[in-house]
Amino acid sequence: MKEECLICRAPLVYLEADEQMECEICHKKENSKTRCVHGHYVCNDCHTSGLDTVIGLCEAETAKDPIAIIEKMMHLPFCHMHGPEHHVMVGAALLTAYRNAGGRIDLHSALIEMMNRGKSVPGGACGFWGACGAGISSGMFVSIISKSTPLTNEPFALSHQMTARSLARIGEVGGPRCCKRDSFLSILSAVDFVKEHFGIEMEKPEVVCRYSAQNNQCIGKRCPFSAVNHR
C-alpha cells in the first residue's frame, strides 16, 4: 500500500459528518471527517510539521519557474503525496517566482502572510468545500501581490478571477483528488493570469508527473501531466 495514513499507511476514510478525533501525534481533540480505516487521525498542524522550512528555501531561490520551485518543496521531508501543505506551497512558489521575474514585493512578509492564510484551509477542502486548497492558494497569491482586501475594487476582482480560473481547470480534469496534479494546474493557470493582468512573465515549463507511483488514486492517462501523454 502506498502512502495514505501517516501512522500505519492504511487507506483513509472520508465520513459524511464530523466526528471528534484525537490526533495520534499531539493528542489534540477536534472534529474531522477524515481518519484511516484503523481509526488513526493526524491533525493538520502535525501533518504540516516542518512546513516553515519553505520560507528559507524560497528566500534563497533565484528561479523564475514556480513549478521548479514547488517541486523542490515536494522533495522536502515534510511534504506528503497529499495534504494541506500544498495549500501553502502553491502560493509560496508563485510569490517567489513572481519576485524573481521582476514583481515588486517584500518576499519575506509575503511568504509569512501566505503561510498564515494557506494553513487556514483544511485538508479535504477539495471534496468537502468544492474548492481545492491548491486553487484557493493561487487566489491568495494574487490577493497578496495586488494588496486585496474585502473593500478593494480591482484587486478583489482579480483574486476571485484567479481562484475561479484555477478551480475551473481542476474541475475540468475531475477527481479523485491529487494534490500534485491540482498544484500544477493552479500554478500554470496563475502564470498565464499574471502575465495577462500584471505584465510579469514567469517561466512556464512542460510538466511531466513523477509522483504517480505514490498515488493510490492516480487517474493515469486522464491526467494532463501523465508521462504516458508525453512520450
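No lab work stands behind these numbers, since they all come straight from the coordinates. Everything numeric here is computed off the predicted structure, so don't read it as measured data. Cβ placement follows ideal geometry from the backbone for every residue including glycine, while neighbour counts extend to all protein chains displayed.
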TODO: Under 15 Å from the Cβ of Y41, count the other residues' Cβ atoms, weight Lys and Arg +1, Asp and Glu -1, and hand me the total.
DONE: -2
- [ ] Kindly provide the helix-only [θ] at 222 nm of the chain, computed as the sum of -39,500 (n - 2.57) over DSSP H runs of four or more divided by all residues, to the nearest 500 deg cm²/dmol?
- [x] -14000 deg cm²/dmol
Open item on the list: Through the Karplus equation 6.51 cos²θ - 1.76 cosθ + 1.60, θ set to phi - 60°, convert the phi angles of segment 138-147 into ³J(HN,Hα) values in whole Hz; use x for Gly and Pro.
Closed with: 5, x, 4, 4, 5, 4, 5, 6, 9, 6
Task: Extension gain, R104 back to T149 (0.36 nm per residue minus Cα-Cα distance, nm) - done: 14.4 nm
Task: Translational diffusion of the chain, µm² s⁻¹ [Kirkwood Rh, Cα pairs; Stokes-Einstein; 10 °C; 1.306 mPa s] - done: 88
Open item on the list: Rounding to the nearest 10 and keeping the result within 0 to 90°, find how far the Cα-based axis of helix 154-173 lies from the longest principal axis of the chain.
Closed with: 50
TODO: Determine, for each peptide in 157-170, 53-66, 134-147, the mean count of other beta carbons within 10 angstrom over its residues, then list the peptides with the highest first.
DONE: 134-147, 157-170, 53-66
Open item on the list: Under 5 Å between amide hydrogens, which residues at least 5 positions from V13 or on another chain qualify, with H placed 1.01 Å from N in the peptide plane?
Closed with: R35, C36, V37
Open item on the list: Need one word for segment 119-231: rounded, prolate or oblate. Basis is the Cα gyration tensor (sqrt eigenvalues a ≥ b ≥ c); a/c below 1.5 gives rounded, then a/b vs b/c decides.
Closed with: oblate
Task: FRET efficiency estimate (nearest 0.05) - Cβ-Cβ, Q217 to K29, R0 41 angstrom - done: 0.90
- [ ] Starting from the Cα of A157, step 7 Å along the direction of its Cβ; do the same at R9; then give the gap between the two resulting points in nm.
- [x] 5.2
Task: Degrees separating the helix 179-198 axis from the principal Cα axis of the chain, which is the longest one - done: 20
Open item on the list: Using the basic label-point model (7 angstrom from Cα toward the beta carbon), what is the E172 to L76 distance in nanometres?
Closed with: 3.1
Task: Candidates N44, N31, N216: whichever shows maximal mean-square fluctuation once the chain is modelled as a Gaussian network with Cα springs under 10 Å - done: N31
Task: Efficiency of FRET between E59 and E19 - r from beta-carbon atoms, R0 45 angstrom, step 0.05 - done: 0.65
Task: Around E154: net Lys/Arg minus Asp/Glu count, Cβ-Cβ under 15 Å - done: 0
TODO: Go through segment 85-99 residue by residue and turn each phi into a ³J(HN,Hα) via Karplus (6.51, -1.76, 1.60, θ = phi - 60°); whole Hz please, and just put x for glycine and proline.
DONE: 4, 5, 5, 9, 4, 4, x, 5, 5, 5, 4, 5, 5, 4, 4
